[in-house]
Amino acid sequence: MQNEKTQTPVMDSNGGRHLFDIAKMLDIWKFPVQALVFGVSLSVCMHSASGIKVEVIPKHPKKGDPVTLKVSDVSGTIRFATWYRGKSTDAADQILNYFPQEEFKGPKYIEGSHGQPDGSLVIKEVSKDLTGDYTVQIQTTDSLQQATVNLVVSGVIPIALSPLAPLLGMLLFYELNFL
């Protein structure tokens, strides 16, 4: 056996036989090590791609409330954000495309909604029929990032009660308990 760089023989006390066996074993481990490095690299890429978060503000919106689907943990500078109704990212489900200087309405545009520089979506006034999943895709200088959030809109509308409401409530409670 010879060292390929210097062309000088490399021998141990058994005539180089053990060095050949060690080299052969190292070559056997070459593919698993490459696969491990690839797997770790892929895992890091997937983590950064799914690292953004979206939260509903306020957490429990009622019919008529303004709502922000607030995006956070975006890595890189945002080039544009696209919002969709549902979990699908089909063009037919687009609400809007937000670019820093302009935005474009999609087929599922929600009247009174608009994008924000941080990728968030603001809905001026929600209704029960807007309950469901919303998906955002954000293209940054680093990567395409995506997240989905579920919006639940309750149908309760707060109303002003008259001064007689406590009395009415007591009478109703009294009637229900003794029926």
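Laboratory data are not the source of any read-out in this text; all were calculated from the coordinates shown. Quantities reported herein were computed from a predicted structural model and do not represent experimental measurements. Note that each Cβ is placed from the backbone with ideal geometry, even for glycine, and that neighbours are counted across all protein chains shown.
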For SER154 and SER72, what does the FRET efficiency come to when R0 = 30 Å and r is the distance between their Cβ atoms, rounded to the nearest 0.05? 0.80
Over its Cα atoms, what ratio of radius of gyration to 2.2 N^0.38 Å does segment 76-140 give? 1.04
Potential extension, LYS62-THR141 segment - 0.36 nm per residue separation minus Cα distance: 24.8 nm
